[in-house]
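Down below is the structure, laid out as structure tokens.
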Amino acid sequence: MTTPDTPGTVPAPIALITGAGSGIGRAVALALAGAGWSVALAGRRPEALQETARLAVPPVDGPEAPAAAPATLCVPADVTRPDQVDALFTAVRERFGRLDLLFNNAGTFGPPVPLDELSYADWSTVVDTNLTGAFLCAQAAFRTMKEQRPRGGRIINNGSVSAHAPRPHSIAYTATKHAMTGLTKSLSLDGRPYDIACGQLDIGNAATEMTGRMQTGILQADGTTAVEPVMDAADAARTVLHMAQLPLTANVQFATVMATAMPYIGRG
């Protein structure tokens with residue numbers, strides 16, 4: 001359990017970030033921790049989670065250490081496994097006592113192959129991770145936020161510009177990101193009676209390990225290959241932080257943050 005708070009201090013709000021070992025998940029963890037949030041970090045790679053935790057909350061000793069400093073919790077978990085999702089949320093409740101924010105971020109592109117060459121196994125991996133995993137985590141967060149006191153919390157789903165328009169050879173990823181929009185709307189509606197807000201951030205061309213090929217050349221809709229502009233993942237993280245810091249009486253339902261010159265608006 002957490003250490004009792006010093007009288008007169010305000011406990012840090014609690015966030016859970018999936019896919020927190022790298023990329024946008026790590027950037028969001030750093031942004032939240034920097035703003036005073038305690039962060040639970042979930043992902044499949046324990047070493048990567050520990051590195052995120054080290055970067056998010058560097059150890060501070062001595063009298064300069066804040067009385068209610070944010071804390072980190074690393075929980076290796078595969079979001080496609082219901083038993084591991086249950087264990088993840090149990091660990092968060094046991095450590096922090098509540099949950100104020102879920103950033104539903106874990107995801108995968110899948111192989112960039114023509115539609116007729118995409119295997120059932122690869123299709124299933126993308127759907128299980130991007131859609132079913134997001135549902136399982138949202139469901140567990142919903143249950144926690146509904147029952148805790150004070151009641152309520154916020155869920156932010158990581159969508160994509162692909163929730164609006166596809167790239168070539170991305171049918172599984174694009175389908176799941178369109179489905180994420182429906183998940184967000186239903187969560188937002190069903191959460192109203194319980195003070196649970198849900199919004200979606202559609203991100204375009206953040207510079208991460210998953211988007212490295214955009215900087216070397218990626219297939220375009222006209223069949224050519226082109227290098228695309230990217231933005232720092234910290235720019236997306238600042239948007240998540242803004243959404244997270246709103247009172248539960250306000251919600252950013254949908255937002256898009258993208259590299260300014262990426263070939264999305266218009267015809268490239």
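Within the stretch 186-214, the residues that satisfy the criterion of being more than 16 Å from PRO112 (Cα to Cα), touching a residue at least 12 places away in the same chain (Cβ under 8 Å), assigned to a helix (DSSP H, G or I) and open to solvent by 60 Å² or more (accessible area, probe 1.4 Å) are ASP190, TYR194. Checked against (1) open to solvent by less than 50 Å² (accessible area, probe 1.4 Å); (2) touching a residue at least 24 places away in the same chain (Cβ under 8 Å), GLY217 passes all but a single condition, namely (2). Scanning the stretch 140-159 for residues that are under 19 Å from VAL257 (Cβ atoms) and open to solvent by less than 10 Å² (accessible area, probe 1.4 Å) yields ARG154, ILE155, ILE156, ASN157, GLY159. Against the criterion of being hydroxyl-bearing (Ser, Thr, Tyr) and modelled with pLDDT of 95 or more, THR211 does not qualify. Number of residues in the stretch 220-253 that are over 14 Å from ASN205 (Cα atoms), of a type in the set (Gly, Ala, Ser) and surrounded by 13 or more Cβ atoms within 10 Å (Cβ to Cβ): the value is 1. With respect to (1) crowded, with 16+ Cβ neighbours inside 10 Å; (2) more than 17 Å from the chain's Cα centre (by Cα); (3) free of Cβ contacts under 8 Å to residues at least 60 places away in the same chain, the lone exception for SER170 is condition (3).
The values are calculated or read from the model by the stated rules, or taken from the named source; none is laboratory data. As the structure is a computational prediction, the values presented were derived from the model and not from experiment. Cβ atoms come from the backbone with ideal geometry, glycine included; neighbour counts cover every protein chain shown. Ligands, DNA and RNA are excluded from the accessible area calculation, which covers all protein heavy atoms including side chains. Shrake-Rupley method; radii C 1.70, N 1.55, O 1.52, S 1.80 Å.
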